[in-house]
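Working notes for the structure below.
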Amino acid sequence: MSKVLITGGAGFIGSTLADKLVEEGNEVVIVDDLSMGSTENIPQSINVTFYEESITNHFFMTKLLITNNFDYIYLLAAVASVADSIERPIETHAVNQNANLNILETIRKEKLTPKKIVFSSSAAVYGNGPELPKKETSSIDPMSPYAIDKFATERFMVDYGKLYGLPTVCTRFFNVYGPKQNPKSPYSGVLSIVSDCLVRDDIFTLFGDGSQTRDYVYIDDVVDALLILATTPEAKNDVYNVATGETISLVDVIKAYESASGRKVKVVKKEARLGDVQDSLADITKLRGLGYEPKVNVTAGLAKYWDALQEK
Ligand code: NAD
Ligand code: UD1
């Protein structure tokens, strides 16, 4: 049994990871300020401890880290929206970068001994560079405060490994989707918003012409990737794409979701969002080299997502 910290563990990816870790018999500590997450997401188990706290509370985080000396640390807390970071660059920087740097510094200064620190970075770091699919070595072009903070924090993670020997690894998630993703903010992940519109028969606002493409990866594949990266010793002080290696336009993914749900989405079009990336697709060769293989394509994933919403 390992002792695991998940920041942002009441959110979409963090809570699904917590479900899996608890199922495997680990002890899980979650820190989340519930700005986007919910206590309903957190698995009910005596092996889970939840703190409603912000990771920007450095005093609290430092004490928590020293008291527990965790085996594994997953840094998933973030203001996860590109658009929100453009509205609030200073506030989001405090969460997306400074709070994570404080965690690294505490581990270094206090000589804590995690087996792995996994940081959730993003495909957003690639921006609109022409090379597709994106390899981890492709050019970087962060186009928003969110992407800048993700890239800078990645570098801190990699270099804390190289300079001070901390075992870190970074995931460049592409567009993750599935049950538990919160649709309630206008900045939420697009498929959670489409889901909500399908369920409530609401109008979906499509920004741009719908030709923008994304590599949508189902949550179960993402949890697999996180566990592989945490437990593979060679995956150290490095960065990995986490995706499916397949791409689809927004209009086509909406059509696919209409087929999966047997419903129609009412769409109204608006101007493209500032800082929006046009095309995104991953090369996942590097992660495949560690034994990762995505199991859920977009058709199967949307069907699973819709079924889960029906059960709810
Ligand atoms: P999410 O919003 O569901 O989860 C993030 C969690 O962090 C939320 O529960 C939120 O309440 C919490 N949080 C926010 N600010 C906090 C703070 N100051 N202190 C403590 N908790 C705080 O988003 P998610 O989709 O689960 O994303 C998890 C991570 O993966 C994030 O770092 C995000 O940037 C990254 N990511 C997600 C995607 C995606 O497609 N979902 C893609 C790339 C990267
Ligand atoms: C998403 C993630 C981000 C991650 C990135 C990695 C969320 C909220 N954002 O950003 O954390 O770093 O993937 O690739 O999970 N759109 C609409 N209508 C809407 C909402 C969105 O048309 O109501 C459009 C957007 O303009 C965009 C596309 O859908 O073109 C996808 O948007 P979104 O789900 O917010 O994802 P990204 O911006 O790609």
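Here are the numbers:
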{"item": "Kirkwood hydrodynamic radius over Cα pairs of the stretch 52-93, then Stokes diffusion coefficient at 10 °C and 1.306 mPa s, in µm²/s", "result": "131 µm²/s"}
{"item": "Bridge type composition, the chain - antiparallel percent by DSSP, nearest 5", "result": "5 percent"}
{"item": "Accessible surface of the stretch 67-224 [probe 1.4 Å, protein heavy atoms]: carbon and sulfur percent", "result": "54 percent"}
{"item": "Taking N as its residue count, the alpha carbon Rg of the stretch 26-182 over 2.2 N^0.38 Å", "result": "1.06"}
{"item": "Linear extension gain, Thr113 paired with Glu52, 0.36 nm per residue minus alpha-carbon span", "result": "19.5 nm"}
{"item": "Compactness index (Cα Rg / 2.2 N^0.38 Å), the stretch 156-312", "result": "1.15"}
{"item": "Whole-percent carbon and sulfur share, accessible surface of the stretch 227-312, 1.4 Å", "result": "51 percent"}
{"item": "Summed side-chain charge close to Gly37 - residues other than Gly37 whose Cβ falls under 10 Å, Lys, Arg +1, Asp, Glu -1", "result": "-3"}
{"item": "Contour excess over end-to-end distance, with Cα ends at Asp202 and Leu132 and 0.36 nm allotted per residue", "result": "21.8 nm"}
{"item": "The chain - mean residue ellipticity at 222 nm from DSSP helices (-39,500 (n - 2.57) per run, n ≥ 4, rounded to 500)", "result": "-11500 deg cm²/dmol"}
{"item": "Whole-number percent relative contact order across the chain, with pairs defined as alpha carbons under 8 Å at least 6 apart", "result": "17 percent"}
{"item": "Value of Rg/Rh across the stretch 162-203 [Cα atoms, Kirkwood radius]", "result": "1.30"}
{"item": "Estimated inter-spin distance, Glu105 and Ala303, nm [label 7 Å along Cα→Cβ]", "result": "5.1 nm"}
{"item": "Loop-located trypsin sites (Lys or Arg not before Pro) in the stretch 146-208 whose Cβ has at most 12 other Cβ within 10 Å (DSSP)", "result": "Lys184"}
{"item": "Cα-Cα over 32 Å, subset of Lys264/Lys295; Lys63/Lys286; Lys20/Lys184", "result": "Lys63/Lys286"}
{"item": "Rounded if a/c under 1.5, otherwise prolate or oblate - the stretch 1-111, Cα gyration tensor axes", "result": "oblate"}
{"item": "Efficiency of FRET from Cβ geometry, Glu87 and Val268, R₀ 30 Å, rounded to 0.05", "result": "0.90"}
{"item": "Extension gain, Thr67 back to Gln44 (0.36 nm per residue minus Cα-Cα distance, nm)", "result": "6.0 nm"}
{"item": "Accessible area expressed per residue, the chain, with surrounding protein chains retained (probe 1.4 Å, Å²)", "result": "44 Å²"}
{"item": "Kirkwood-based shape ratio for the chain, expressed as Rg/Rh from alpha carbons", "result": "0.95"}
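The values are calculated or read from the model by the stated rules, or taken from the named source; none is laboratory data. Since this is a predicted model, take the numbers as computed values, not measurements. Glycine also receives a Cβ, built like all others from the backbone with ideal geometry; neighbour counts cover every protein chain displayed. The area values use the complete protein model at the heavy-atom level, side chains included, leaving out ligands, DNA and RNA. Shrake-Rupley method; radii C 1.70, N 1.55, O 1.52, S 1.80 Å.
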